[in-house]
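Peer 1: Provided herewith is a single structure, encoded as structure tokens, for subsequent inquiry.
The values are calculated or read from the model by the stated rules, or taken from the named source; none is laboratory data. Nothing here was measured: the structure is a model prediction, and the numbers come from that model. Heads up, the Cβs are rebuilt from the backbone with ideal geometry, glycines too, and the neighbour counts pull from every protein chain shown. In case anyone asks, the SASA skips ligands and DNA or RNA and just uses the protein heavy atoms, side chains included. Shrake-Rupley method; radii C 1.70, N 1.55, O 1.52, S 1.80 Å.
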Amino acid sequence: MGGECGMGEQQNPFRTGGIARGHRFADREREVARIGQGLREAGGKLLVYGPRRMGKTSAIARALDLEQARGGTVARADLSTLSSLADMADVVLREVTRAVAAGKGFDDFLAEILKRVNIGFSVKQDASTGVPIPQVDVSMRSKPLEEQKLAVGEVFDAIDGMAAEHGIVIGLVLDEFQEIHRFEENFSEWNLRHIIEQHENVGYVLAGSKRSLIDRMLEADGAFYRMFDKLTVGPIAEDYLVPWMEERLAPLGDGAGEASERIVALAGERTHDRMRLARHTWFRAQQAGRSGRGAVDHAFAGLVEEDADEFLRQWVHLTVPQQNVLRAVSMKVKGLSTADTLQRFALKNSPTAVQAAQVLVERELLFQRPGEKGYFFDNPYFEAWVRERTAIDLGMEPPE
Ligand SMILES: Nc1ncnc2c1ncn2[C@@H]1O[C@H](COP(=O)(O)OP(=O)(O)OP(=O)(O)O)[C@@H](O)[C@H]1O
Ligand SMILES: [Mg+2]
């Protein structure tokens, strides 16, 4: 990328928030290739699973960019903020319209859409591209659910129909698709299955982060049984990431290698948490002219501090046993239900501890690793915050 070589005015090479692109995008070759294949495959159905903040959306965005550069018609609908089924029809329609306009697909998309769906919508000019974008009538959101459900079906069927007519494949990502669960009983993954299983001209890529939900869908009596191929997005390998970070920290001074190792050691496995620490370290190192381990430790403490209000807000909403379970996990106890742990952390008995831990897992404050015992913090900064307080309140030595 241009404009990033002189000292002083350098851009931070690490990014958080939004989507990592170009020089700021690390690794993921295998994932990007597989997602691209899914987008190109007529009738393809790929399910991308990964824990929160691992980098699913970034890998998907990379694959979409590459496919688009090849002239493909590919779209991503973000379902994370849906509050009605009409919203789903709207976002899918809008994004596919954009994709068709950007791709080499066909010209009068809107006229074709009009012919194929019965739902009411208006047309707005897209501010940056001038492309006319359909917007499903707001009144649709308060229509009976049956009607909204039909609208969703119509939109998906129209997309498949148009792709067939023009002899192209439309690649469509449904990001955070698990949010359709909010409409359960009215619309579930079974409805989605029935809509998309017949489509032979769309390459569907569904992405989500709720492991328990997704595993259930893939089981023998689940909606997506034998329908989807699965791709897991896990942590970026340390032996890739450490040198990758070192290279980007190096222009700022000594100690880039040890800093990179420290970042990976402190920030846990999620890509976002690691990049956030790297980004903050970079700012500090730029000031200090040294990017060693000390800069990382300072940056980490600074980030814990930055989020402290938010952590306190979460903390006060927890029950006493839940707080005590978090304390115990933050101190890296061997087992939650051992007599020693129960006694040290004022947990009444083992069922109390386990039940509290389960609630914390449901709320995504803790998680469990498949095939492994014990619980882990979802957020390494929150873990450090809890550990600090536990050390103060209970007079314990923090674990290294
Ligand atoms: N391959 C990558 N290279 C560099 N940074 C990345 C990469 N993947 C993710 N990130 C960073 O992590 C952040 C979170 O990534 P992303 O939004 O892609 O994750 P996600 O798995 O979709 O998360 P969520 O579960 O919140 O939707 C991004 O904003 C970016 O800063
Ligand atoms: Mg995402």
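Peer 1: Return the residues of the stretch 14-39 that are charged (D, E, K, R) and touching a Leu at 6+ places or on another chain (Cβ under 6 Å); say none if nothing qualifies.
Peer 2: The answer is R34, and nothing else.
So that you can scan it fast, the table gives a plain yes or no per residue for (1) touching an Asp or Glu at 6+ places or on another chain (Cβ under 6 Å); (2) assigned to a helix (DSSP H, G or I); (3) away from ligand 2 (no atom under 15 Å from the Cβ); (4) outside the structural domain of S212 (by TED's automatic domain parsing):
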| site | (1), (2), (3), (4) |
| --- | --- |
| A33 | no, yes, yes, no |
| G36 | yes, yes, yes, no |
| L39 | yes, yes, yes, no |
| L47 | no, no, no, no |
| P51 | no, no, no, no |
| M54 | no, no, no, no |
| A59 | yes, yes, no, no |
| A63 | no, yes, no, no |
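Peer 1: Whether any residue in the stretch 83-90 is within 30 Å of the chain's Cα centre (by Cα) and either of a type in the set (S, T, Y) or at positive phi (or both) is what I want to check.
Peer 2: Yes, the stretch 83-90 has at least one match.
Peer 1: State all residues of the stretch 65-88 that are surrounded by fewer than 18 Cβ atoms within 10 Å (Cβ to Cβ) and within 16 Å of ligand 2 (Cβ to nearest atom); if no residue qualifies, say none.
Peer 2: Result: D65, D78, S80, T81.
Peer 1: What is the one condition in (1) open to solvent by 30 Å² or more (accessible area, probe 1.4 Å); (2) part of a loop (DSSP other than H, G, I, E, B); (3) touching a Ser or Thr at 6+ places or on another chain (Cβ under 9 Å); (4) in contact (Cβ under 8 Å) with a residue 24 or more places away in the chain that K373 does not satisfy?
Peer 2: For K373, the failing item is (3).
Peer 1: Within the stretch 193-214, how many residues are open to solvent by less than 20 Å² (accessible area, probe 1.4 Å), of a type in the set (A, V, I, L, M) and modelled with pLDDT under 90?
Peer 2: Total meeting the criteria: 1.
Peer 1: Would you pick out the residues in the stretch 11-31 that are within 16 Å of ligand 2 (Cβ to nearest atom) and surrounded by fewer than 16 Cβ atoms within 10 Å (Cβ to Cβ)?
Peer 2: G17, G18, R21
Peer 1: Let me ask something else about it. Go through the residues of the stretch 167-189 one by one and say whether even a single one is within 26 Å of K45 (Cα to Cα), in contact with a Phe, Trp or Tyr (Cβ under 7 Å, 6 or more places away or on another chain) and free of Cβ contacts under 8 Å to residues at least 60 places away in the same chain.
Peer 2: For the stretch 167-189, residues within 26 Å of K45 (Cα to Cα), in contact with a Phe, Trp or Tyr (Cβ under 7 Å, 6 or more places away or on another chain) and free of Cβ contacts under 8 Å to residues at least 60 places away in the same chain: present.
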